[in-house]
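Have a look at the structure below before the remarks.
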Amino acid sequence: MDSVTHDVLLVGGGGAGLRAAIAVSETNPGLSVAVVSKVYPMRSHTGAAEGGAAGAVRPEDSLEAHAYDTISGGAWLCDQDAVEAFVEEAPKELIQLEHWGCPWSRQPDGHIATRPFGGMKIERTWYAADKTGFHMLHALFQTTLRYPPITRYDEFFVTRLLVDNGRCQGVVAIELASGRVQTLFAKAVIVCSGGGGKVFPFTTNANIKTGDGMALAYHAGVPLKDMEFVQYHPTGLPFTGILITEAARAEGGWLLNKDGYRYLQDYDLGTPEPKPVKRSMELGPRDRLSQAFVKESQAGRAVSSPYGDVVHLDIRHLGEAEIDKKIPFVRELCLKYQKVDPVHDMIPVRPVVHYMMGGIDTDIQGATALDGLYAAGEVACVNINGANRLGSNSLTELLVFGARAGRAAAQFAAAQPAPSAALIAQAEDEERRLKTEFLDASGPERVAPLRKEMQAAMEAGAGIYRNAEGLNDAVETVNGVRERFQRIGLDDHSRTFNTELVSVLELSSLLDVAGAVLDSALARTESRGAHQRTDYPDRDDDEFLAHSLVYRSDDGAPRVEFKPVTVTKWPPGERVYGRKASDV
């Protein structure tokens, strides 16, 4: 088996991973840095983000207002010390990104252009038309090329963290092109591999988002935090799940039911007015908008389609010039994947799984409970998103906490001895496991039917609305899939670009993520943000103003515990939008 040693190793080459790699090199240029990604970095899912990145920059805005919107929008489950650090560093990171080449859209007078976004009281979302993540990823990637100490391992799939004496000291990975198993030693490891939206059947997430990093940490004994909170975005295209960005509504789009009625005015979206004003109702928080869709569908006011009920997103009144200037990618997606032109036609949309608020439990510096292991981005839960992430906070989170994790890992690595020679035996064990359990497996089960059954169970039992009966049914199904997974078989036993092997490894990760989501959802007997229990419809701050922590027991079963939320200066209150923080 080949082996190589670096000082700091990044698992994942998207926005958080690239920002962390830059931070390591800036902190200590003498450190050797490895970026290990299962896809070429420019194919990372960060590039799919469309709408924008939040940072207080307008004269009428403030750090306190951004913090309050985030905490209130997260249904008071955010750790407020992390939120305060986040909003303070957000504008600095966005300015730095411009210096690295990100072409932020501008106002006619040259100032940064901002747009409104869901749950935000003030227009604080920076954007680059509607390809913000794409341009951010380009800027970060080209910046990493300036630093010779950064070595990339493109199209390598990490299967195990190497741990000795209570410290993470590297990974085992498969080179996808050859099937060669590679050991990469490191004094510190940062996991930045994204979320696990593919645990559900209908999602905006790319096929690569299978919770691999969460599963790596989970198997190493690190808890996953707040996994019950899975965000549905209210506007995904039917069948494909492709995202129609919130920017379409920020620029003035309307959501209409089958009668052409802007139905959101009839729902409580958390605004202080009895009903939201017509300009802002479509920019309510994502969880509330998704829940309103379910109510419209149940009442028979949605539009039937071959792919289930939908509603219509109408941007025709914006006009062709405005659409092509502000949201050209929306038009491109609709034309290519839905065969409608939003200049002339309404867009059919429905809620779709978009983001996981939960992830690897980290502190404010990205450190986990395992020495030498850090995490940042959607794979991590620091927690600034609470029970419901506000739109446009996630791209900024990649920058702020990617940079923090990179700096912390660099300082940690500089003080550590070389990785232990005892890790070679672990790496060899992992190579044997991959061969016997997967590559040579010839059981009767196949990955596609198992994955489909798991996804259907998650949608039915852990969707927008949940209850104990549905969750327990999903647990039973997922456990059955997990048992059948032990009898998996591959038709392709070759090593070169074995995509079937990759799919099997990804399903293994997805099953861990599914179990964590279900057990956390069962343990939280209240409704909060994206976690809505029809059998426990009220928020319960006395019992559940706390983070759930899911640990992997010795027998492989999840174990759920809770720990308090960090509150600095905003005590839990009514969840509202549109007030000043000082008024509450």
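The values are calculated or read from the model by the stated rules, or taken from the named source; none is laboratory data. Quantities reported herein were computed from a predicted structural model and do not represent experimental measurements. Cβ atoms come from the backbone with ideal geometry, glycine included; neighbour counts cover every protein chain shown. Each accessible area value is taken on the protein alone, full model and side chains, heavy atoms only, with ligands, DNA and RNA left out. Shrake-Rupley method; radii C 1.70, N 1.55, O 1.52, S 1.80 Å.
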Worksheet entry | Count of residues meeting criterion [open to solvent by 20 Å² or more (accessible area, probe 1.4 Å) and more than 23 Å from the chain's Cα centre (by Cα)] in the range 101-120 | 10
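Of all residues in the range 457-502, which are among the aromatic types (Phe, Trp, Tyr) and within 24 Å of the chain's Cα centre (by Cα)? Can you show your working first?
Going through the range 457-502, the residues among the aromatic types (Phe, Trp, Tyr) turn out to be 465, 485, 497.
Once the filter is applied, which keeps residues that are among the aromatic types (Phe, Trp, Tyr) and within 24 Å of the chain's Cα centre (by Cα), the range 457-502 yields only Tyr465.
Rundown of residues vs (1) outside any helix (DSSP H, G or I); (2) at pLDDT below 95; (3) closer than 28 Å to Phe202 by Cα, yes/no style:
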| site | (1), (2), (3) |
| --- | --- |
| Gly406 | no, no, no |
| Ala410 | no, no, no |
| Gln416 | yes, no, no |
| Ser420 | yes, yes, no |
| Gln426 | no, no, no |
| Glu430 | no, no, no |
| Lys452 | no, no, yes |
| Glu459 | no, no, yes |
Worksheet, complete the sentence: Of Ala16, Ala54, the only residue that is farther than 19 Å from Trp104 by Cβ, at pLDDT 95 or above and open to solvent by less than 10 Å² (accessible area, probe 1.4 Å) is Ala16
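How many of the residues in the range 413-442 are over 17 Å from Leu161 (Cα atoms) and open to solvent by less than 20 Å² (accessible area, probe 1.4 Å)? Steps first, answer last, please.
Let us first name the residues in the range 413-442 that are over 17 Å from Leu161 (Cα atoms), namely 414-417, 435-442.
From the residues that got through so far, the ones that are open to solvent by less than 20 Å² (accessible area, probe 1.4 Å) too are 438-439, 441.
The total comes to 3.
Can you name the residue in the range 382-412 that is of a type in the set (D, E, K, R) and under 26 Å from Ile244 (Cα atoms) and is also surrounded by the fewest Cβ atoms within 10 Å (Cβ to Cβ) among such residues?
As a first pass, look at the range 382-412 and keep what is of a type in the set (D, E, K, R): 389, 397, 404, 407.
Next, from what is left, pick out any that are under 26 Å from Ile244 (Cα atoms): 389, 397.
Numbers: Arg389: 29, Glu397: 26.
Within the range 382-412, the match that is surrounded by the fewest Cβ atoms within 10 Å (Cβ to Cβ) is Glu397.
Just to be sure, is Gly73 modelled with pLDDT under 95 and open to solvent by less than 10 Å² (accessible area, probe 1.4 Å)?
On the way: modelled with pLDDT under 95: yes; open to solvent by less than 10 Å² (accessible area, probe 1.4 Å): yes.
So Gly73 passes the test.
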Discussion item. Restricting to the range 137-168, give me the number of residues that are open to solvent by 40 Å² or more (accessible area, probe 1.4 Å) and farther than 23 Å from Gln182 by Cβ.
Written reply: 4
Item to complete: Determine, yes or no, whether Val567 is over 22 Å from Phe200 (Cβ atoms) and modelled with pLDDT of 95 or more.
Response: yes
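If only one of Gly170, Gly213, Gly197 is among the small types (Gly, Ala, Ser) and within 25 Å of Gln291 (Cβ to Cβ), which one is it?
On the way: Gly170 fails: within 25 Å of Gln291 (Cβ to Cβ); Gly213 fails: within 25 Å of Gln291 (Cβ to Cβ).
Exactly one of Gly170, Gly213, Gly197 is among the small types (Gly, Ala, Ser) and within 25 Å of Gln291 (Cβ to Cβ), namely Gly197.
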Worksheet item: Among the residues of the range 119-172 satisfying the criterion of being small (Gly, Ala, Ser) and closer than 18 Å to Gly15 by Cβ, which is modelled with the lowest pLDDT?
Response: Ala129
Worksheet entry | Qualifying residues in the range 169-189 (those that are surrounded by fewer than 19 Cβ atoms within 10 Å (Cβ to Cβ) and among the charged types (D, E, K, R)) - the one nearest to the chain's Cα centre (by Cα) | Glu175
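If I go through the range 468-518 residue by residue, how many of them are in a loop (DSSP other than H, G, I, E, B) and surrounded by 16 or more Cβ atoms within 10 Å (Cβ to Cβ)? It would help to see each step written out before you state the result.
At the first step, the residues of the range 468-518 found to be in a loop (DSSP other than H, G, I, E, B) are 486-487, 490-498.
Subset that is surrounded by 16 or more Cβ atoms within 10 Å (Cβ to Cβ): 490, 495, 498.
Residues flagged as in a loop (DSSP other than H, G, I, E, B) and surrounded by 16 or more Cβ atoms within 10 Å (Cβ to Cβ) within the range 468-518 amount to 3.
If you take the residues in the range 200-214 that are within 22 Å of His531 (Cα to Cα) and not β-branched (Val, Ile, Thr), which one is most open to solvent (accessible area, probe 1.4 Å)? Write out each step before concluding.
So the first thing to find is which residues in the range 200-214 are within 22 Å of His531 (Cα to Cα), and the list is 200-205, 209-211, 214.
Next, from what is left, pick out any that are not β-branched (Val, Ile, Thr): 200-202, 205, 209, 211, 214.
Working: Phe200: 1, Pro201: 62, Phe202: 24, Asn205: 11, Lys209: 14, Gly211: 1, Met214: 0 Å².
Across the range 200-214, the extreme among qualifying residues is Pro201.
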Fill in: Filter result (without any contact (Cβ under 8 Å) to a residue 40 or more places away in the chain, farther than 28 Å from Arg288 by Cα and among the small types (Gly, Ala, Ser)) within the range 449-504
Gly480
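Quick check on the range 331-381: of everything there that is assigned to a loop (DSSP other than H, G, I, E, B) and of a type in the set (S, T, N, Q), which residue is surrounded by the fewest Cβ atoms within 10 Å (Cβ to Cβ)? Steps first, please.
Looking only at the range 331-381, we keep the residues that are assigned to a loop (DSSP other than H, G, I, E, B), and these are 339-346, 357-358, 362-366, 368-370, 372, 376-379.
Applying the additional criterion that residues be of a type in the set (S, T, N, Q) yields 362, 365, 368.
Working: Thr362: 28, Gln365: 18, Thr368: 24.
That would be Gln365.
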